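Participant: After the structure tokens below, expect a handful of questions from me.
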Amino acid sequence: MIEKTSEFIAEVKQAVKQFPAPEGGVITALDGISLEIQQSQFVTLLGPSGCGKTTLLRAISGFEDLDSGEIRIAGELVTGVAPYRRPVNTVFQNYALFPHISVSGNVGYGLEVTGVPRGERERRVGEALERVGLSGFGLRKPNQLSGGQQQRVALARAIINQPKLLLLDEPLSALDRNLRQSMQIELKNLQHDLGICFLFVTHDQEEALTMSDQVVVLNQGRIEQIGSPEALYHQPTSRFVAEFIGDGALFKGTITNTFENPILVTDDGQELPVGVGPSVGASATLIIRPEQLDIAKENADDSVGILDVVLEQSFFQGATNKYVCQLPNGVSVSAVPTGAGNAAFRRVSPGDRVRLAYDRNEPRVIIQTADGK
Amino acid sequence: MESKRENRRLIALLTPGTLFLGIFFLGPLGMMIVFSFLEPGLYGGVEWNFYHWNYGRILGWADGEWEEFDPVYVEIFLRSARLAFTNVTITLLICYPAAFWVSGLSARWRTFVVFIVTLPFFVSMVVRLFCWVLILRPSGFLNIALLGLGLISEPIDIIYTETAVLIGMAYIMLPFMFLPLYASIEKLDYSLIEASSDLGAKPYQTFFRVILPATLPGIAAGAVLVFIPSLGNFIVPDLLGGAKVLMIGNLVEQQFLSARNWPFGAALSVMIMLVMFTLIVLYLRRIGRSELAR
């Protein structure tokens, strides 16, 4: 007999799900997704709307059946298992609080329907409410709470059954910016305290980068890349990920060689030095992040690449300034220099020509694969 | 200034309706209540003397000198209430699943089905009920079909029974139950059902703890809309119940049109009204409370 426990809390294998499109034909929401989620991690499914992230979440919670493929939760195959039998709980996008039941009733609902005796129920409801900072709100009805408080009730309700995996479907999207940011921190802390795995769905890259241990970037029903926020930002493996996560200027072209050093020649003839690595002749994309650009020094050697630009506009951002510049071909690039670079940049006024430099080894180069990703 | 103008506009808008209701709704109502305490005239109409025996006949203090107490009135009343209540149950059991089914259809089909449900209103109720006579009578379609299928060997007596009255009433009242139910079921937030299931509630628990409470306003509205006209209905029992199933509506009709005892008919009507009024007050208090909780 093979031991059933698994090091993964959830495994998705070759998941395929199609929906009939309203205008005929089918929409492929999940196109052969395979994913393994480790215990006690904060995992985010990130992607633009329609990328399949919510469908994947709903397949795990049991509200959508897969067309093919399988899902295991804590090692157990859950195909055909009804949502109420799955050891996962969900925080819904609109919170889905029961309007006719008090806050305590909402939070204790999961215990009540599974037959937990009253005394224990009250104790655990009290604990859960305290954990989300809503002690003393138990007798209110959900509509007597603010959006942020409702959010906390939904959270308390979802964790009270001690799920093995907590699913969160864009739970912060209805909150205003300040509240959203403080809730991000709270969620992260809560996940750390509870030690259970959070699977969080969002289309907000900033949110994903802030909270996650692992980010799964989805696009058109496929996984683009899985990695830590740092890895996704600094080593994107596809143009899609590079564009979706963080700012940055993208240059598409072909790798050629001059004096032993590889350069990227863009389609309109610009020559940009890149780091050693990509083979000559490959088509590639160079991604230059705003913080990698600085004002060029007078006697720059060939370890840096130079962009001749015109400053268009500068934006004060608190700790830094953001300078939006334009390349001769009309493409705009942003620079967020720090320290001395920022000071030098302040003397430049909009309309002036500036030489921007980047360390040739810093920006990421993505080699185009045959399928044109 | 502004609020004064607002007020004037409000008065201008409300006056016609208020006058209309005051004259044509409250007027006859008041007249009926007054008549119910007057002495019946010999050939219809009323004598302007205070006369409480109308109620005595129904409720039991008539001494037998002028008017006689007859428990049959209370019996008819109770039977009517029972039939009306049964009718509410039948229509509810039919419409609740149907409304769920319709709310799951595409927008185009939903509109179509709601139109179909209201379609019978375009045809006179009497005509529609005569169709039921044709269906239910001993040589009617139902018996022909059952005989033809060999399910029965001789025609069943269904017309002029309570069953026939219930069939007819349910048929007439279905839209009144369906529409408010559908309105509340269509509004039902499916994520609440998912949340319940997600939290471990079995389907029956989800139904009783989430779906039923959420659709209760629709059920209550449908029940009131079906119960009240069912209680006072006299056309259905007249056509499908024959002389065997007399309901309170028929009794009132007879008193006004055949017996020409207006005060007694009025007293019966006031009794019906009292019961309905009580029910509506209960309903409003119940709904009012749950609205407050919302």
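Participant: Quick one: which residue in A:Gln220, A:Gln205 is surrounded by 15 or more Cβ atoms within 10 Å (Cβ to Cβ), in contact (Cβ under 8 Å) with a residue 40 or more places away in the chain and out of contact with any Leu (no Cβ under 8 Å at 6 or more places or on another chain)?
Facilitator: Values: A:Gln205 fails: out of contact with any Leu (no Cβ under 8 Å at 6 or more places or on another chain).
On inspection, the qualifying residue turns out to be A:Gln220.
Participant: Being without any contact (Cβ under 8 Å) to a residue 24 or more places away in the chain, touching a helix residue (DSSP H, G or I) at 6+ places or on another chain (Cβ under 6 Å), exposed (fewer than 14 other Cβ atoms within 10 Å of the Cβ) and assigned by TED's automatic domain parsing to the domain that holds B:Thr89 narrows it down to one residue among B:Ile135, B:Ile158, B:Ile152, B:Ile144; which is it?
Facilitator: From the options B:Ile135, B:Ile158, B:Ile152, B:Ile144, the qualifying one is B:Ile152.
Participant: Here is a further query. Just give me the residues in segment A:56-79 being more than 14 Å from every other protein chain (Cβ to nearest Cβ) and β-branched (Val, Ile, Thr), in sequence order.
Facilitator: A:Ile71, A:Thr79
Participant: Let me ask something additional. For segment A:20-54, give me the residue count where each residue is within 14 Å of another protein chain (Cβ to nearest Cβ) and in contact (Cβ under 8 Å) with a residue 24 or more places away in the chain.
Facilitator: Qualifying residue count for the region: 1.
Participant: Going by the structure shown, is A:Val81 open to solvent by less than 20 Å² (accessible area, probe 1.4 Å), on the phi < 0 side of the Ramachandran plot and either among the aliphatic types (A, V, I, L, M) or assigned to a loop (DSSP other than H, G, I, E, B) (or both)?
Facilitator: Criteria not met by A:Val81.
Participant: Sticking with this one: Within segment B:267-286, is there a residue that is at pLDDT below 90, under 30 Å from A:Phe98 (Cβ atoms), of a type in the set (Val, Ile, Thr) and open to solvent by 30 Å² or more (accessible area, probe 1.4 Å)?
Facilitator: Yes, segment B:267-286 contains at least one residue that is at pLDDT below 90, under 30 Å from A:Phe98 (Cβ atoms), of a type in the set (Val, Ile, Thr) and open to solvent by 30 Å² or more (accessible area, probe 1.4 Å).
Participant: Still on this structure, please answer the following. Only residues that are within 14 Å of chain A (Cβ to nearest Cβ) and either more than 31 Å from the chain's Cα centre (by Cα) or in a helix (DSSP H, G or I) (or both): list them for segment B:155-195, please. Full working, then the answer.
Facilitator: Of segment B:155-195, the ones within 14 Å of chain A (Cβ to nearest Cβ) are B:184, B:187-195.
Of everything in segment B:155-195, those that are within 14 Å of chain A (Cβ to nearest Cβ) and either more than 31 Å from the chain's Cα centre (by Cα) or in a helix (DSSP H, G or I) (or both) turn out to be B:Ser184, B:Tyr190, B:Ser191, B:Leu192, B:Ile193, B:Glu194, B:Ala195.
Participant: Another question, then. Do you know which of the residues in segment A:1-33 that are polar (S, T, N, Q) and open to solvent by 60 Å² or more (accessible area, probe 1.4 Å) is modelled with the lowest pLDDT? Before you say what the answer is, go through the steps one by one.
Facilitator: The initial filter retains those residues of segment A:1-33 that are polar (S, T, N, Q), namely A:5-6, A:14, A:18, A:28.
Applying the additional criterion that residues be open to solvent by 60 Å² or more (accessible area, probe 1.4 Å) yields A:5, A:14, A:18.
Working: A:Thr5: 54, A:Gln14: 94, A:Gln18: 92.
In this case the residue turns out to be A:Thr5.
Participant: For A:Arg86, state whether it is at negative phi, crowded, with 17+ Cβ neighbours inside 10 Å and facing another protein chain (nearest Cβ under 9 Å).
Facilitator: Details: at negative phi: yes; crowded, with 17+ Cβ neighbours inside 10 Å: yes; facing another protein chain (nearest Cβ under 9 Å): yes.
Taking the combined requirement at face value, the residue satisfies it.
Participant: Has segment B:259-277 got at least one residue that is within 14 Å of another protein chain (Cβ to nearest Cβ) and either in contact with a Leu (Cβ under 6 Å, 6 or more places away or on another chain) or more than 23 Å from B:Thr163 (Cα to Cα) (or both)?
Facilitator: Looking for residues that are within 14 Å of another protein chain (Cβ to nearest Cβ) and either in contact with a Leu (Cβ under 6 Å, 6 or more places away or on another chain) or more than 23 Å from B:Thr163 (Cα to Cα) (or both), one finds none in segment B:259-277, hence no.
Participant: With (1) free of Cβ contacts under 8 Å to residues at least 60 places away in the same chain; (2) open to solvent by 20 Å² or more (accessible area, probe 1.4 Å); (3) assigned to a loop (DSSP other than H, G, I, E, B) as the list, and A:Ala96 as the residue in question, which single condition is left unmet?
Facilitator: (2)
Participant: Moving to a separate point now. Could you tell me whether A:Pro278 is modelled with pLDDT of 85 or more and in a loop (DSSP other than H, G, I, E, B)?
Facilitator: no
Participant: Name the single residue that is most open to solvent (accessible area, probe 1.4 Å) among those in segment A:128-150 being outside any loop (DSSP other than H, G, I, E, B) and within 14 Å of another protein chain (Cβ to nearest Cβ).
Facilitator: At the first step, the residues of segment A:128-150 found to be outside any loop (DSSP other than H, G, I, E, B) are A:128-131, A:142-144, A:147-150.
Remaining after also requiring within 14 Å of another protein chain (Cβ to nearest Cβ): A:128, A:142-144, A:150.
Numbers: A:Ala128: 8, A:Pro142: 9, A:Asn143: 80, A:Gln144: 108, A:Gln150: 44 Å².
Only one residue tops the list, namely A:Gln144.
Participant: Show the residue pairs meeting these rules: Cβ distance below 8 Å; 6+ apart or different chains; first residue within segment B:50-66 and in a strand (DSSP E or B); second residue open to solvent by less than 30 Å² (accessible area, probe 1.4 Å).
Facilitator: If the second residue must be open to solvent by less than 30 Å² (accessible area, probe 1.4 Å), the pairs left are B:Phe50/B:Leu38; B:Asp63/B:Gly56.
Participant: Looking at segment A:34-44, which of its residues are within 21 Å of A:Glu207 (Cβ to Cβ) and either in contact with a Ser or Thr (Cβ under 8 Å, 6 or more places away or on another chain) or open to solvent by less than 60 Å² (accessible area, probe 1.4 Å) (or both)?
Facilitator: Quick first cut of segment A:34-44, residues within 21 Å of A:Glu207 (Cβ to Cβ) only: A:35, A:37-38, A:40-44.
Residues satisfying the conditions are A:Leu35, A:Ile37, A:Gln41, A:Phe42, A:Val43, A:Thr44.
Participant: For residues in segment A:45-69 being assigned to a strand (DSSP E or B) and crowded, with 16+ Cβ neighbours inside 10 Å, which is nearest to the chain's Cα centre (by Cα)? Outline the logic, then answer.
Facilitator: Of all residues in segment A:45-69, those assigned to a strand (DSSP E or B) come to A:45-46, A:68-69.
So of that shortlist, the ones also crowded, with 16+ Cβ neighbours inside 10 Å come out as A:45-46, A:69.
Values: A:Leu45: 6, A:Leu46: 4, A:Gly69: 24 Å.
Among them, the one singled out is A:Leu46.
Participant: Restricting to segment A:107-127, count the residues that are open to solvent by less than 30 Å² (accessible area, probe 1.4 Å) and within 9 Å of chain B (Cβ to nearest Cβ). So that I can check it myself, show each step before the final result.
Facilitator: From segment A:107-127, those open to solvent by less than 30 Å² (accessible area, probe 1.4 Å) are A:107-111, A:113, A:116, A:125; that's our starting set.
With the extra rule that they be within 9 Å of chain B (Cβ to nearest Cβ), the set shrinks to A:109-111, A:113.
The number of residues fulfilling the criteria is 4.
Let's see how each residue does on (1) modelled with pLDDT under 95; (2) at the interface with chain A (Cβ under 8 Å from one of its Cβ atoms):
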| residue | (1), (2) |
| --- | --- |
| B:Ser197 | no, yes |
| B:Tyr204 | no, no |
| B:Pro213 | yes, yes |
| B:Leu216 | yes, no |
| B:Ile219 | yes, no |
| B:Ala223 | yes, no |
| B:Ile228 | yes, no |
| B:Pro237 | yes, no |
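The values are calculated or read from the model by the stated rules, or taken from the named source; none is laboratory data. Just so we're clear, the structure is a prediction, and the values are computed from it rather than from any experiment. Here Cβ is always computed from backbone atoms with ideal geometry, including for glycine, and neighbour counts include all displayed protein chains. Protein only, heavy atoms only, side chains kept; ligands, DNA and RNA dropped before computing areas. Shrake-Rupley method; radii C 1.70, N 1.55, O 1.52, S 1.80 Å.
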